[in-house]
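The next block holds one structure in the form of structure tokens; read it before the comments.
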Amino acid sequence: MTLDLAIRGGTVATASDTTRCDVGIKDGRIVQLADTIEGAAREIDATGMLVLPGGIDSHVHLDQSSGPGIKMADDFESGTRSAAIGGNTTVIPFAVQPRGHSLTESVANYHTKAEGNCFVDYGFHLIITDPTPAVLGQELPALVLDGYPSFKVFMTYDGLALTDRQLLEVFSVAKEHGALAMVHAEGYDSIKFMVDRLEREGKTAPYYHGVSRPGLVEREATHRAISHAELIGVPIMIVHVSGREAVEQIQWARQKGLTIYAETCPQYLVLTADDLKGLNMDMSGAKYVCSPPPRDATNQSAIWQALQQGVFQTFSSDHCPFRYDDDAGKTGPKARTSFRWVPNGIPGVAARLPILFSEGVSKGRISLNEFVALSATNHAKMYGLYPQKGSIMVGADADIAIWDPKKRVTITQDLMLDGCDYTPYEGIEVVGWPITTLLRGKVIADKGAIVGKKGDGAFLKRDVTRPI
Ligand code: DUC
Ligand code: ZN
Ligand code: ZN
């Protein structure tokens, strides 16, 4: 058998092991791991490099409808281009059900947006906003079986938030059909109360976005979601956990023997509430407005500690980009009147892995194998893509990122290749950078340039099994 490609001389790491070996690839799959592989049609010299599974980002928002007059900065083309340059080979964005619409029709709509436009492979989580009897009884069960075994639900936001009764209903469907509910845990009423009060006091700058949703608002909702999951007897995933209060709830639940999964994101490691002050409380603080908001240094330490203790299964970007200097983005006419109207979300699909590698592995906070688990393997396991994706092993897709662990880079917007006009991580210096990204054996990004083409990325039907 002549191999199509051999990656030679590198150090291969999985979620459990680190080995010096060559990787042999044929027909888009890994077919051989050996000390020395010779005679392949093509070779990539990875001497001195790390050969890691391509990143899987299981929490990104692309081309998602975001309310009147607001436009997301990335469509599937620019968002997946940015993913590829950041060492990722799979993303799982969301297909949102607008209220009053069918879930199936919403999924079809997102397929139309994505098809033929992606640089990396992709699946879809559903977002359920309107759990009608038809959704709960027919559409959701059918979609779970058809390759969409995960969905997000919100406990806040007009137009998105579900009532407690509705949460219990969708958790029941998740239990019956083996789906995983991802929960945005922040309390609707507490936030509404705080926003109204801050506005009455004239506190309308972007900074007050963070003040309006303190850690206890996240803690309360996290506890409530966990209690609902306990009542139904179903595992759930608490997404974008931002600080100590929510972490404590997750640890409490685990001590009770409940299966509660959790995700965190780069903004909770390297940004703080002070970033939302911008320059003297001006609009530039809007560049950091996301929910839950970045908190303080003590909370950052709590998130690091939780990462080290295994509280989090996944580390995702929550890439949700809105342009800054744009009427349809962070500084539109309404957004300038109050933080209430600033679209929530920040970009990060390209910066996620370098930040975790540098702050985690290079600084000795987590091992290389923990990095692989948090950035790829666990995403594949949680969301039904394993063993096709998420590891370097014989039989898996040859989705690989070749990293230079010593390369020093200052993160700047021009390196992100996304559709946004800023990065909240501008100026952060990292050690360790993805040099080459391969999707099913094809080089799609190399030395800062995209060499793949849109359409290289394929839709992934996912499975309900969750071996974690
Ligand atoms: N929740 C997300 O998951 N992403 C961006 C905004 C939000 O509230
Ligand atoms: Zn959310
Ligand atoms: Zn999100």
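Return yes or no: is S172 within 16 Å of ligand 3 (Cβ to nearest atom), modelled with pLDDT of 95 or more and on the phi < 0 side of the Ramachandran plot?
Working: within 16 Å of ligand 3 (Cβ to nearest atom): no; modelled with pLDDT of 95 or more: yes; on the phi < 0 side of the Ramachandran plot: yes.
Spelling it out, it is not the case that S172 is within 16 Å of ligand 3 (Cβ to nearest atom), modelled with pLDDT of 95 or more and on the phi < 0 side of the Ramachandran plot.
Please find, among I260, I346, the residue that is within 18 Å of R213 (Cα to Cα) and either open to solvent by 10 Å² or more (accessible area, probe 1.4 Å) or among the aliphatic types (A, V, I, L, M) (or both). Can you show your working first?
Details: I260 fails: within 18 Å of R213 (Cα to Cα).
None of the other options fit; the residue is I346.
Return the pairs, sorted by first residue and then second, in which the second residue is of a type in the set (D, E) and part of a loop (DSSP other than H, G, I, E, B), the first residue lies in the stretch 449-468 and is closer than 10 Å to G123 by Cα, the beta carbons are less than 9 Å apart, and the residues are 6+ apart or on different chains.
Going by the 9 Å Cβ cut-off, the qualifying pairs are F459/E115; K461/D146.
Is it true that K381 is open to solvent by 10 Å² or more (accessible area, probe 1.4 Å) and either under 18 Å from V311 (Cβ atoms) or within 19 Å of the chain's Cα centre (by Cα) (or both)? Give the derivation first.
Details: open to solvent by 10 Å² or more (accessible area, probe 1.4 Å): yes; either under 18 Å from V311 (Cβ atoms) or within 19 Å of the chain's Cα centre (by Cα) (or both): yes.
Considered against the rule, which asks whether it is open to solvent by 10 Å² or more (accessible area, probe 1.4 Å) and either under 18 Å from V311 (Cβ atoms) or within 19 Å of the chain's Cα centre (by Cα) (or both), K381 comes out as yes.
Residues checked against (1) out of contact with any helix residue (DSSP H, G or I) (no Cβ under 8 Å at 6 or more places or on another chain); (2) modelled with pLDDT of 95 or more; (3) more than 16 Å from ligand 3 (Cβ to nearest atom):
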position	(1), (2), (3)
Y207	no, yes, yes
G257	yes, yes, yes
I260	no, yes, yes
T264	no, yes, no
A273	no, yes, yes
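Could you run through the stretch 318-343 and say how many residues are within 16 Å of ligand 3 (Cβ to nearest atom), open to solvent by 10 Å² or more (accessible area, probe 1.4 Å) and under 18 Å from F76 (Cβ atoms)?
Adding up the residues that qualify gives 2.
In the stretch 404-418, is there at least one residue being of a type in the set (V, I, T) and in contact with a strand residue (DSSP E or B) (Cβ under 6 Å, 6 or more places away or on another chain)? Break it down into steps so the answer makes sense when it comes.
Restricting attention to the stretch 404-418, the residues satisfying the condition of being of a type in the set (V, I, T) are 409-412.
Then keep just the ones that are in contact with a strand residue (DSSP E or B) (Cβ under 6 Å, 6 or more places away or on another chain); that gives 409-410.
Yes, the stretch 404-418 contains at least one residue that is of a type in the set (V, I, T) and in contact with a strand residue (DSSP E or B) (Cβ under 6 Å, 6 or more places away or on another chain).
Given the condition on the phi > 0 side of the Ramachandran plot, modelled with pLDDT of 95 or more, open to solvent by less than 30 Å² (accessible area, probe 1.4 Å) and within 16 Å of ligand 1 (Cβ to nearest atom), answer yes or no: does some residue in the stretch 286-301 qualify?
Taking the stretch 286-301 as the starting set, the residues that turn out to be on the phi > 0 side of the Ramachandran plot are none.
No, that holds for no residue.
Hey, among M393, M416, which residue is in contact (Cβ under 8 Å) with a residue 60 or more places away in the chain and within 19 Å of the chain's Cα centre (by Cα)? Explain how you work it out, then say what you get.
Working: M393 fails: within 19 Å of the chain's Cα centre (by Cα).
Only one candidate qualifies: M416.
Which pairs turn up if I take residues in the stretch 71-90 that are closer than 18 Å to R440 by Cβ and of a type outside the set (F, W, Y) and look for partners that are outside any loop (DSSP other than H, G, I, E, B) and open to solvent by 20 Å² or more (accessible area, probe 1.4 Å) with beta carbon separation below 8 Å, at least 6 apart in sequence or on another chain?
R81/I450; A84/I450; I85/L415; I85/I450
Here is a yes/no grid of residues against (1) in contact with a Gly (Cβ under 9 Å, 6 or more places away or on another chain); (2) within 29 Å of M237 (Cβ to Cβ):
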position	(1), (2)
E186	no, yes
K192	no, yes
V195	no, yes
T204	no, no
Y207	yes, no
R213	yes, yes
V217	yes, yes
A221	yes, yes
R224	yes, yes
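Scan the stretch 234-258 and report the pairs whose first residue is more than 15 Å from Q300 (Cβ to Cβ) and whose second residue is among the basic types (K, R) and surrounded by fewer than 17 Cβ atoms within 10 Å (Cβ to Cβ), with Cβ atoms within less than 9 Å and a gap of 6+ or a chain change.
V234/K175; P235/K175
Looking at the structure I just gave you, is P333 over 22 Å from H125 (Cβ atoms), in contact with an Asp or Glu (Cβ under 9 Å, 6 or more places away or on another chain) and within 16 Å of ligand 1 (Cβ to nearest atom)?
Values: over 22 Å from H125 (Cβ atoms): yes; in contact with an Asp or Glu (Cβ under 9 Å, 6 or more places away or on another chain): yes; within 16 Å of ligand 1 (Cβ to nearest atom): no.
Here the answer is no, as P333 does not meet what is asked.
Condition first: open to solvent by less than 30 Å² (accessible area, probe 1.4 Å), of a type outside the set (V, I, T) and farther than 14 Å from V443 by Cα. Now tell me which residues in the stretch 1-23 satisfy that. Before you say what the answer is, go through the steps one by one.
Of all residues in the stretch 1-23, those open to solvent by less than 30 Å² (accessible area, probe 1.4 Å) come to 3, 5-7, 9-10, 12-14, 21-23.
Subsequent filtering for residues that are of a type outside the set (V, I, T) retains 3, 5-6, 9-10, 13, 21-22.
Residues satisfying the conditions are L3, G9, G10, A13, C21, D22.
Residues are listed down the side, and each one gets a yes or a no for (1) open to solvent by 10 Å² or more (accessible area, probe 1.4 Å); (2) of a type in the set (A, V, I, L, M); (3) more than 17 Å from T465 (Cα to Cα); (4) within 16 Å of ligand 2 (Cβ to nearest atom):
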residue	(1), (2), (3), (4)
Q138	yes, no, yes, no
A142	yes, yes, no, no
P149	no, no, no, no
Q166	yes, no, yes, no
K175	yes, no, no, no
A179	no, yes, no, no
Y208	yes, no, yes, no
S212	no, no, yes, yes
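Scan the stretch 349-365 for residues that are open to solvent by 10 Å² or more (accessible area, probe 1.4 Å) and under 15 Å from the mean Cα position of the chain (by Cα) and jot them down.
The first filter runs over the stretch 349-365 and keeps only residues open to solvent by 10 Å² or more (accessible area, probe 1.4 Å), leaving 359, 361-365.
Residues satisfying the conditions do not exist here.
Which of the residues belonging to the stretch 45-77 are small (G, A, S), within 16 Å of ligand 2 (Cβ to nearest atom) and buried (at least 24 other Cβ atoms within 10 Å of the Cβ)? Before the answer, list the steps.
Filtering the stretch 45-77 down to residues small (G, A, S) leaves 46, 48, 54-55, 58, 65-67, 69, 73.
If we keep only those that are within 16 Å of ligand 2 (Cβ to nearest atom) too, we end up with 58, 65-67.
Once the filter is applied, which keeps residues that are small (G, A, S), within 16 Å of ligand 2 (Cβ to nearest atom) and buried (at least 24 other Cβ atoms within 10 Å of the Cβ), the stretch 45-77 yields only S58.
Take the residues in the stretch 78-108 that are of a type in the set (V, I, T) and open to solvent by 10 Å² or more (accessible area, probe 1.4 Å); name whichever of them is farthest from ligand 3 (Cβ to nearest atom). Walk me through how you get there before you give the answer.
At the first step, the residues of the stretch 78-108 found to be of a type in the set (V, I, T) are 80, 85, 89-92, 96, 104, 107.
Now drop any that are not open to solvent by 10 Å² or more (accessible area, probe 1.4 Å), which leaves 85, 96, 104.
Numbers: I85: 20, V96: 11, T104: 22 Å.
Out of the qualifying residues, it is T104.
In the stretch 266-321, what count of residues is obtained for those that are under 23 Å from V372 (Cβ atoms), without any contact (Cβ under 8 Å) to a residue 24 or more places away in the chain and assigned to a loop (DSSP other than H, G, I, E, B)?
1
Would you say G278 is open to solvent by 10 Å² or more (accessible area, probe 1.4 Å), closer than 19 Å to P343 by Cβ and among the small types (G, A, S)? Walk me through how you get there before you give the answer.
On the way: open to solvent by 10 Å² or more (accessible area, probe 1.4 Å): yes; closer than 19 Å to P343 by Cβ: yes; among the small types (G, A, S): yes.
Considered against the rule, which asks whether it is open to solvent by 10 Å² or more (accessible area, probe 1.4 Å), closer than 19 Å to P343 by Cβ and among the small types (G, A, S), G278 comes out as yes.
The values are calculated or read from the model by the stated rules, or taken from the named source; none is laboratory data. In this text, all values refer to a predicted model and were calculated from it rather than measured experimentally. Glycine also receives a Cβ, built like all others from the backbone with ideal geometry; neighbour counts cover every protein chain displayed. We work out accessible area using only protein heavy atoms, side chains counted, and drop any ligands, DNA or RNA first. Shrake-Rupley method; radii C 1.70, N 1.55, O 1.52, S 1.80 Å.
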